[in-house]
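Just below is one structure, and these are the notes that go with it.
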Amino acid sequence: MKKHNFGAGPSILANEVIEKTAQAVLNFNGSGLSILEMSHRSKDFEAVIEETRQLFIEILNIPESYSVLFLGGGASLQFCMVPFNLMEKKAAYLNTGVWANKAQKEAKGFGEVVEVASSKDANYTFIPKDYVIPTDADYFHITTNNTIYGTELYTDIDSPITLVADMSSDIFSRPLDVSKYGMIYGGAQKNLAPAGLAFVIIKNDILGKVSRYIPTMLSYQTHIDNGSMFNTPPVLPIYSALETLRWMKANGGVVEMQKRNQAKAELLYNAIDNSKMFVGTAVKEDRSIMNVCFVMKPEYKEFEGDFLKFATAAGMDGIKGHRSVGGYRASIYNAMPIESVQALVDCMNEFEKQH
Ligand SMILES: *Cc1c(COP(=O)(O)O)cnc(C)c1O
């Protein structure tokens, strides 16, 4: 039976990306070698990483004054690399979820952290809008899509100081004005590639302003100077990322991705809003087009586990909500076809009919 992969991450990739990756594992570009056993300094791999970088620049329209880096350690290592490289005395953070909170916690080891606003008391069901960004802080950190809570900032906000964004779960889901950010980073395993890769888009001139010693591997400058090849980069995930970017470009880029994502989200949110049983957890104006979180209404709570079993039997995979929210979460990243979202909606309707 066909499975519909609604997992939050590592998550769905386009079929084509998985097939091309499998082919490269068996025999890369007809070279007679597997990409798994090739030198990262070979001409073949250098062409891969260069094209990946070029497609990042092209698809996201990244200005020339920025570098694009491919690093190990996931988004979580960035939580400490950001303050290590950018914070001299003080940094500002917007607390919109577990990941935002983890990022903020790391920064506290490097200096003063100002939490400008938090939606923690409301279990992160919304994104705070009324706050003041301290202009004497070294940067302002935001999380644009809160994967666990299903809230999202759809616009590129204005910040009077360097804006740093964790875009792990919404990068490439919409067009971006990169020039508004000093840095954008994320783990690649949500919308781009298999696990093991983090991407960093960084404005070159925000570096070199802190006085502390930065260990070589943790310094962005090292990776800029060495084209992400200071040490062995995550070769296979970079190759898959390249195939995802080629797929995205062939499918109309981020403008088309956004259109598709909005259509998928609308289909599912409409079903939730019109349901007698289900209800969304995030406030409407902030709800994510990547991760759709919903629960059973209190009067149907007893069926919570039953729906999970029913949906799983119908081929819906990965829809159990994060333990801190409960209920269900359908992640509908770029690679998810609208047919799979329709299948989930049909499944919800059928379950309602039966109960
Ligand atoms: C998944 C996720 C992370 C953690 O990513 P790792 O690569 O596992 O460290 C951080 N931030 C957000 C928004 C995420 O969705």
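Descriptive notes on the structure:
- Relative contact order (percent, whole number), segment 148-226, Cα cutoff 8 Å, 6+ residue spacing: 21 percent
- Farthest toward the positive end of the dipole of segment 253-354, out of Val341, Phe351, Asn291, is the Cα of Asn291, where the dipole comes from beta carbon charges about the Cα centre.
- Highest mobility in the GNM of the chain, judged by mean-square fluctuation with C-alpha springs under 10 Å and restricted to Ala122, Ala198, Ala107, is found for Ala122.
- For the chain, the relative contact order works out to 23 percent when only alpha carbon pairs closer than 8 Å and six or more residues apart are counted.
- The calculated FRET efficiency for the pair Asn251 and Ile214, based on their C-beta separation and a Förster distance of 41 Å, comes to about 0.55.
- Each of Asn61, Val132, Ala198 was scored by the projection of its Cα onto the charge dipole of the chain, and the greatest displacement toward the positive side belongs to Ala198; charges sit on the C-beta of Lys, Arg, Asp and Glu.
- Overall, the chain carries a charge dipole of about 480 debye about its Cα centre when +1 sits on the Cβ of Lys and Arg and -1 on the Cβ of Asp and Glu, all other atoms neutral.
- Of the chymotrypsin sites (Phe, Trp or Tyr not before Pro) found in segment 163-218, those in coil by DSSP whose Cβ has at most 13 other Cβ atoms within 10 Å are Tyr213.
- Across Gln262, Gln78, Gln189, mean-square fluctuation computed from a Gaussian network of the chain (C-alpha pairs under 10 Å connected) peaks at Gln262.
- Antiparallel DSSP beta bridges within the chain, percent to nearest 5: 55 percent
- Straight-distance candidates among the lysines for linking to Lys3, with alpha-carbon spacing under 21 Å and chain neighbours fewer than 8 residues away dropped: Lys20, Lys190, Lys264, Lys309, Lys320.
- Whole-number D in µm² s⁻¹ for segment 253-354, Kirkwood Cα-pair radius fed into Stokes-Einstein, 25 °C, 0.890 mPa s: 178 µm²/s
- Here Lys89 is the anchor, and the lysines within straight C-alpha reach of less than 22 Å, apart from those fewer than 8 places off in the same chain, are Lys102, Lys105, Lys108, Lys203, Lys209.
- Considering only Ile142, Ile214, Ile272, the Gaussian network model of the chain with Cα springs below 10 Å gives its largest mean-square fluctuation to Ile214.
- Karplus 3J(HN,Hα) series, Hz, for segment 52-67 with 6.51 cos²θ - 1.76 cosθ + 1.60 (x for Gly, Pro): 4, 4, 4, 6, 4, 4, 5, 5, 9, 6, 7, x, 5, 7, 10, 10
- Interatomic Cα distance distribution for the chain, bins of 10 angstrom, percent: 5, 25, 31, 24, 12, 3, 0
- Long-range amide H partners of Leu163 with built H, under 5 Å: Phe140, Gly182, Met183
- Filtered trypsin sites (Lys or Arg not before Pro), segment 276-355: DSSP coil and at most 10 other beta carbons within 10 Å: Lys276, Arg323
- Amide H to amide H, with H built 1.01 Å from N, Phe278 comes under 5 Å of Lys297, counting only residues 5 or more places away or on other chains.
- Order of Cys347, Cys80, Cys293 - criterion: other Cβ atoms within 10 Å of each residue's Cβ, fewest first: Cys80, Cys347, Cys293
- Euclidean distance of C-alpha centroids, segment 158-219 and segment 282-355, integer Å: 31 Å
Read-outs: derived from the displayed coordinates by stated rules, not from any lab. In this text, all values refer to a predicted model and were calculated from it rather than measured experimentally. Here the Cβ is made from the backbone with ideal geometry for all residues, glycine too, and neighbour counts use every protein chain on show.
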